[in-house]
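Please treat every number below as a calculation from the coordinates, not as lab data. Please read these numbers as outputs of a predicted model, since none were measured by experiment. We place every Cβ from the backbone using ideal geometry, glycine too, and count neighbours over all the protein chains shown.
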Amino acid sequence: MRAHFLSDQQAFLRYLEMPGADPPVVWIHGWQCSSTGELAGASVQPALAGRRSLLVDLLGHGYSDRPRDFGYTLVEHARTVVDLVEALGISACILVGHSMGADIAIHVAGMRPEVVRALVMAEGNIDPRPAHDDVGNRPEPEFVAEGYDALLARQAATAFGDPQGIAARHLGITRACDPRALHREDVSMAAEESPTRRELLGAMAARCTYLVGELSEQDPEFDAELRALGVSRVVVPDTGHAMGLQNPEGFAWAVADILAST
């Protein structure tokens, strides 16, 4: 575990570094998650053996700090990742973002196009999506005081009903999130942006790939939109949305194939 000091926030962004060859893979986790919790399993699969990986826990998640005054927007999170990449002197990297992490990775690539060689989006959102009624559509103080505990209680009920299932593993990861971060992120994911993520993808020179789980709902219309943006689509077998927990080996093989041809 390593710590990077963000002077603007007076906070530490923490990350795991798996040693290996450059250019490194920078992993960015999804909402209610952490890279150390949901993506570490994929990063250490044999398919990625010998490749340097940086597993970033965004502020408010996992092992990183939880500054109260941080906005926790997609763009602000992207700036913290850029700050880390620059501080480490990384001149080239591959970004792998899952869900909300893919949204953030698009902004990172847009901010540093000369550094990002490839962008891998695992079931991310290239457009704003509605905030959740039980999170972002509630006042933040109300969610912090009551809604977060209710969210954890619902996840716990699912986990107790299936102790061997994904929810049982995910519950511990969600418990390590700051409720203010979850609320502000949910609001941010519903907000319009300028430039939009579609605009950033359409102008991107880096190779862009969208991963979708075989068990997730397939959307031919969305697939056509990806092709129009120059984004390749790859299906990860035997998994739904939570591919880092459900099939980390398949997730890793998909990333490794992209690396081999980048």
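Length gained on full extension, Asn137 to Ala228: 29.5 nm, using 0.36 nm per residue less the C-alpha separation.
Under the combined filter of DSSP loop state and at most 14 neighbouring Cβ atoms within 10 Å, the stretch 1-93 retains these trypsin sites (Lys or Arg not before Pro): Arg68.
Note on the stretch 169-262: Cα-Cα pairs beyond 19 Å make up 59% of the total pair count.
Translational diffusion coefficient of the stretch 116-247 at 10 °C, 1.306 mPa s, Stokes-Einstein with Kirkwood Rh over Cα pairs, in µm²/s as a whole number. Once the numbers are plugged in, D ends up at 94 µm²/s. Each 10 Å bin from zero holds the following percent of Cα-Cα pairs in the stretch 222-262: 28, 42, 30, 0.
Looking at the stretch 142-209, the GluC sites (Glu not before Pro) that sit in a DSSP loop and have at most 13 other Cβ atoms within 10 Å of their own Cβ are Glu192.
Neighbours of Ala256, meaning other residues whose beta-carbon lies under 13 angstrom from its beta-carbon, give a summed charge of -1 when Lys and Arg score +1 and Asp and Glu score -1. 3J(HN,Hα) couplings calculated from phi for the stretch 68-83 with the Karplus curve 6.51 cos²θ - 1.76 cosθ + 1.60 (θ = phi - 60°) are, in sequence order, 5, 8, 6, x, 6, 7, 4, 5, 5, 4, 4, 5, 5, 5, 4, 4 Hz; Gly and Pro show x.
The amide H of Cys208, built 1.01 Å from its N in the peptide plane, has Leu119, Ser232 as neighbours under 5 Å, considering only residues 5 or more places off or on other chains. A cut-off of 5 Å between modelled amide H atoms, ignoring neighbours fewer than 5 places along the same chain, links Ala11 with Leu6.
With Rh defined as the Kirkwood radius, the inverse of the mean 1/r over Cα pairs, the Rg/Rh of the chain is 0.94.
Each of Met1, Met204 was scored by other Cβ atoms within 10 Å of its Cβ. Listed from fewest to most, they are Met1, Met204. Rounded to whole numbers, the Karplus 3J(HN,Hα) couplings from phi for the stretch 242-249 are 7, 5, x, 9, 7, 8, x, 5 Hz, using 6.51 cos²θ - 1.76 cosθ + 1.60 with θ = phi - 60°, and x at Gly and Pro. Where both bridge residues fall in the stretch 1-141, DSSP classifies roughly 40% of the beta bridges as antiparallel. Once divided by 2.2 N^0.38 Å, the Cα radius of gyration of the stretch 84-155 becomes 1.48. Here the convex hull built on the C-alpha positions of the stretch 1-110 has a volume of 89 cubic angstrom per residue. Each residue of the stretch 173-185 was assigned a 3J(HN,Hα) from its phi angle through the Karplus expression (A = 6.51, B = -1.76, C = 1.60, θ = phi - 60°), giving 6, 5, 5, 8, 9, 7, x, 5, 4, 4, 5, 5, 5 Hz with x at Gly and Pro. Label point 7 Å out from Glu199 along Cα-to-Cβ: which residues of the stretch 86-115 have amide N under 14 Å? Label zone hits: 107, 110-111. For the chain, the 222 nm mean residue ellipticity estimated from helices alone, with every DSSP H stretch of n ≥ 4 adding -39500 (n - 2.57) and the total spread over all residues, rounds to -11000 deg cm²/dmol.
For a quick check of your reading of the filter: which GluC sites (Glu not before Pro) in the stretch 212-249 sit in a DSSP loop and have no more than 16 other Cβ atoms within 10 Å? Loop-located and lightly packed - Glu214, Glu217. Here's the picture: charge each Lys and Arg Cβ at +1 and each Asp and Glu Cβ at -1 in the chain, and of Leu229, Gln9, Val135 the one pushed furthest to the positive end of that dipole is Gln9. Amide hydrogen proximity for Gly213: with H placed 1.01 Å from N in the peptide plane, the residues at 5 or more positions away or on another chain lying under 5 Å are Val236. Within the chain, DSSP assigns beta bridges of which about 30% are antiparallel (rounded to the nearest 5).
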